[in-house]
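K.L.:
Once you've had a glance at the structure underneath, I'll fire off some questions.
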Amino acid sequence: FGLISIPIRLFPAVRKKNVSFNQIDSETGARVKMKRVSAETGEEVAYDDIVKGYEVTKGNYITITDEELSSLDPKKSRTIDIVEFVQLSEIDPVFFDSAYVIAPDELSAKAYAVLEQAMESAGMVAIANFVMRTKQYLCALRAADGKLLLSTMVYGDEIADFDEIEAFEHLEDVEVKPAELAMAEQLIESLTEPFEPLKFEDDYRLRVLDLIQSKVDGEELAPIEDEEPAAEVIDLAAALEAS
């Protein structure tokens, strides 16, 4: 594919719906502004006097200029360069980051369709590189329902070393009996359903929006009481047998 160029456009595949708030002075109702102050003198520092610093030891910094950083920026490019093809099952989901939709340019619909159908038929995922806003990204392209989807990926050295997590030491002496495993597998099978993402909702966000709307309408919502008590640790085998 190094000899093939397919003009495309990139669109976010996810639109986060978090509810954001501003900080307000409770006395005046005005927005609160943040000031940049010196940790040493407590005096406000002008924006033009602020430089980037990297802490090498506690309290000791080296400064880096914007020009020095700019000289290290990856070469600007308007291409997503496919490096290789792999099986999707080979990529642990922990590597995936942000999702985008790749749409064809007006003149590239045929080439786009050929690549999408070839990838879907082969069941392969393309690993690629691209530069966006001076940052170089590793990404995975996959075909789905006639479209190409792109997921940016974290690099291998950004994944936490799970062996350093001490809590996993508690598993070393655990012995799972065949009967317990069989019951767990039976429970999983009984709860297996086709994945329908639209049936899941962010209940907290919806309650926050209802609260906001009620205040806009001049109403006050009664506090929501917990419908269920806090979960307690129970014996897994006993729970599976009861199920």
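K.L.:
Run the numbers on the chain and let me know its relative contact order in percent, using alpha-carbon pairs under 8 Å that are six or more apart. It would help to have the intermediate numbers written out before the result.
P.N.:
Values: 234 pairs, mean separation 43.0, N = 243.
So the answer I get is 18 percent.
K.L.:
Further question: For Kirkwood radius over Cα pairs in Å, the listed values are [x] 20.2; [y] 18.5; [z] 25.1; which was obtained by calculation from the structure presented?
P.N.:
Evaluating Kirkwood radius over Cα pairs in Å on these atoms matches [z].
K.L.:
How big is region 1-100 along each principal axis, measuring the range of its Cα positions in Å and listing the largest first?
P.N.:
Its Cα atoms span 59, 38, 29 Å along the three principal axes.
K.L.:
Still on this structure, I have one more. Return the calculated 222 nm mean residue ellipticity for the chain, to the nearest 500 deg cm²/dmol, obtained by summing -39500 (n - 2.57) across DSSP H runs with n ≥ 4 and dividing by the residue count.
P.N.:
That comes out to -6500 deg cm²/dmol.
K.L.:
Something else now. Could you state the accessible area per residue of the chain in Å², with a 1.4 Å probe and every protein chain left in place?
P.N.:
87
K.L.:
Scan around Leu138 for amide H atoms under 5 Å from its own, H built in the peptide plane at 1.01 Å from N, and keep only partners 5 or more places away or cross-chain.
P.N.:
Those qualifying (amide H under 5 Å, at least 5 residues apart or on another chain) are Met153.
K.L.:
If you plug each phi of region 153-163 into the Karplus form 6.51 cos²θ - 1.76 cosθ + 1.60 with θ = phi - 60°, what whole-Hz ³J(HN,Hα) values come out, in order, with x for Gly and Pro?
P.N.:
10, 7, 7, x, 7, 8, 7, 4, 7, 5, 5
K.L.:
Top mean-square fluctuation among Glu169, Glu196, Glu106, Gaussian network model of the chain, C-alpha springs under 10 Å?
P.N.:
The residue with the greatest mean-square fluctuation here is Glu196.
The values are calculated or read from the model by the stated rules, or taken from the named source; none is laboratory data. Computed from a prediction, not measured in an experiment: that's the story for all the values here. Each accessible area value is taken on the protein alone, full model and side chains, heavy atoms only, with ligands, DNA and RNA left out. Shrake-Rupley method; radii C 1.70, N 1.55, O 1.52, S 1.80 Å.
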